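Asks: Structure in structure tokens, see below.
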Amino acid sequence: MKQNILFKLLSLLLIVSCQSTPEIKFESVVTEEYRPVYHFTPEYGWMNDPNGLIYLDGKYHLFYQNYPDSTVWGPMHWGHAVSTDLVNWESLPIALYPDSLGYIFSGSAVLDAENSSGLGTADNPPMIAIFTYHDPELANTTSDIFQSQAIAFSMDKGQTWEKYSGNPVLPNPGIRDFRDPKVSQITNPDGSKTWIMTLAVLDQINFYSSPDLKNWTLMSEFGKNVGAHGGVWECPDLLPFKTPSGEDKWVLLVSINPGGPQNGSATQYFIGDFENGEFTPDDTMIRWLDYGPDNYAGVTWSNLPADQDRTLFIGWMSNWLYANVVPTKSWRSAMTVPRELSLFDVDGTLLVKSTPAVELEKLRSEKYEVDKGICELPSEAVEITAKISSDTFSITFSNELNENLTISKENGLVSIDRRNAGKSDFHRDFAAIHSAPMSWEANEIRVFMDASSIELFVNNGELVLTSILFPSSPWKTINFSENTQSVEIYHLKK
């Protein structure tokens with residue numbers, strides 16, 4: 001009894017040592033165990049890769065790999081949701097269903113503004129979805145031609161879809177892994193426009209061109225002996241950028257499974273030039289977009305208006321190591337927060353920066369300015385910002401069950417330690433420390449915490465680690481190391 005009283009007194013003193021205005025008091029905002037508050041999740045069923053990201057008439061469309069009849073992977077559909085602010089999502093009816101040609105695997109969507117496909121009109125150009133057909137029966141044989149590329153079109157801004165009668169538009173040439181088309185349009189020197197398809201082909205990327213989205217010609221191949229090759233290449237994206245000095249560069253995103261830096265799934269990227277249909281990397285270094293274990297298959301939105309002047313990305317917040325067995329009930333998987341990608345320079349080396357999308361600031365409600373020490377958290381949904389006064393830091397989240405989660409930088413490594421962060425017995429590799437090398441100085445951090453995830457952005461996205469986690473009780477307190485300053489905690493509400 002005396003020990004319990006002493007423990008409570010000590011805890012009270014520690015909490016009081018962290019001053020905040022106004023006073024922080026925890027209030028649960030989660031309506032279903034582990035269901036995120038501000039990350040997108042399907043209402044029910046299974047979800048994986050984001051697909052068909054496109055902006056049109058004030059709405060961000062998010063299609064995604066979906067199996068509505070189970071919480072484990074199965075016959076793939078394209079689920080569909082829309083948002084006007086990247087924060088509040090409205091789930092819509094399923095967009096694309098499997099049919100006699102197969103499951104509907106990953107792909108992309110574009111606005112065919114000039115009606116080059118002839119599937120719409122000049123006054124009402126079609127939205128075109130480009131996706132992979134996966135024939136499950138052929139996949140269970142010795143055949144290599146069970147994946148092909150197809151299109152569907154919508155004349156009502158993505159609400160309903162009709163599959164093209166001439167599918168597939170890109171038949172399989174005899175390669176088992178032949179999938180995930182990401183299509184964009186480039187303007188040629190003579191002012192004409194060409195559609196470019198970036199396609200994952202076994203362990204490399206193939207680039208195709210088309211004048212009309214229906215007839216495709218192979219231009220080049222990339223990656224056979226470049227980058228990480230611990231698994232199959234998937235979900236590519238080819239993106240134009242400006243360097244900090246104003247030079248034109250291209251970034252090629254390539255997801256890989258397995259073979260990521262933390263085991264299982266991850267997304268690597270290459271920086272280089274794309275000319276005459278060929279991608280040439282600046283070097284052969286292996287670089288990872290996110291060093292956490294749980295950001296995979298991410299791609300970017302098409303058709304953003306020029307005044308946004310940004311590259312907007314979202315990823316699947318899970319890992320194929322354990323995605324089918326995580327302890328959620330009616331649904332499985334969430335998306336990351338949306339992020340704005342850009343290039344930055346570290347000692348002459350270009351890297352990709354992932355900055356939380358500015359719209360996330362709309363989630364902020366109560367703001368708490370706190371000193372160092374142990375503080376209460378206001379809810380399961382928070383954003384935390386802090387300045388770092390030296391090149392090391394640590395922040396530990398804990399609950400009344402003695403579970404804890406620590407983020408830190410020490411000896412040039414930024415880490416998330418989820419070894420004691422709740423449920424982990426569903427997979428032997430889940431409870432682990434995940435670290436990333438950071439040779440340059442950490443000046444500030446942003447942390448987005450939700451009911452079952454943490455996303456750490458160092459220097460506003462120069463280094464990122466994303467991790468899902470399943471605490472047995474919500475995180476109630478947070479402990480800051482001495483060298484964290486100007487700490488702000490935001491209660492996030494939609």
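The values are calculated or read from the model by the stated rules, or taken from the named source; none is laboratory data. Here the structure is a predicted model, which means the values were calculated and not measured. Positions of Cβ are backbone-derived with ideal geometry, glycine not excepted, and every protein chain shown enters the neighbour counts.
Asks: Condition first: over 25 Å from the mean Cα position of the chain (by Cα) and assigned to a strand (DSSP E or B). Now tell me which residues in segment 184-194 satisfy that. Can you show your working first?
Replies: Step one: filter segment 184-194 for residues over 25 Å from the mean Cα position of the chain (by Cα), giving 187-194.
Within segment 184-194, 187, 193, 194 meet the criteria.
Asks: Hey, another quick one. Does segment 30-84 hold any residues that are among the acidic types (Asp, Glu) and surrounded by fewer than 21 Cβ atoms within 10 Å (Cβ to Cβ), and which are they? Before the answer, list the steps.
Replies: Looking only at segment 30-84, we keep the residues that are among the acidic types (Asp, Glu), and these are 32-33, 43, 49, 57, 69.
The answer is 32, 33, 43, 57, 69.
Asks: Tell me yes or no: at least one residue of segment 354-374 is at positive phi, small (Gly, Ala, Ser) and modelled with pLDDT of 95 or more.
Replies: Let us first name the residues in segment 354-374 that are at positive phi, namely 373.
Within this subset, residues satisfying the condition of being small (Gly, Ala, Ser) are 373.
Now drop any that are not modelled with pLDDT of 95 or more, which leaves none.
For segment 354-374, residues at positive phi, small (Gly, Ala, Ser) and modelled with pLDDT of 95 or more: absent.
Asks: So is residue 21 surrounded by fewer than 22 Cβ atoms within 10 Å (Cβ to Cβ), of a type in the set (Ser, Thr, Tyr) and modelled with pLDDT of 95 or more or not?
Replies: No, not satisfied.
Asks: Ok, one more. Quick one: in segment 94-108, of everything that is over 18 Å from residue 234 (Cβ atoms) and not acidic (Asp, Glu), which residue is surrounded by the most Cβ atoms within 10 Å (Cβ to Cβ)?
Replies: Taking segment 94-108 as the starting set, the residues that turn out to be over 18 Å from residue 234 (Cβ atoms) are 94-101.
Those still in the list that are not acidic (Asp, Glu) too: 94-98, 100-101.
Working: 94: 16, 95: 26, 96: 23, 97: 14, 98: 18, 100: 6, 101: 14.
This residue is 95.
Asks: Let me ask something else. Suppose the filter is surrounded by fewer than 22 Cβ atoms within 10 Å (Cβ to Cβ) and hydrophobic (A, V, I, L, M, F, W, C); does residue 254 pass it? Spell out how you get there, then give the answer.
Replies: Details: surrounded by fewer than 22 Cβ atoms within 10 Å (Cβ to Cβ): no; hydrophobic (A, V, I, L, M, F, W, C): yes.
Criteria not met by residue 254.
Asks: Does any residue in segment 356-377 that is in the same structural domain as residue 394 (by TED's automatic domain parsing) come within less than 9 Å, Cβ to Cβ, of a residue that is part of a helix (DSSP H, G or I) and of a type in the set (Gly, Ala, Ser) six or more places away or on a different chain, and which pairs are these?
Replies: What qualifies is 374/11.
Asks: Taking segment 48-75, which residues are acidic (Asp, Glu) and within 16 Å of the chain's Cα centre (by Cα)?
Replies: Step one: filter segment 48-75 for residues acidic (Asp, Glu), giving 49, 57, 69.
Scanning segment 48-75 gives a single hit, 49.
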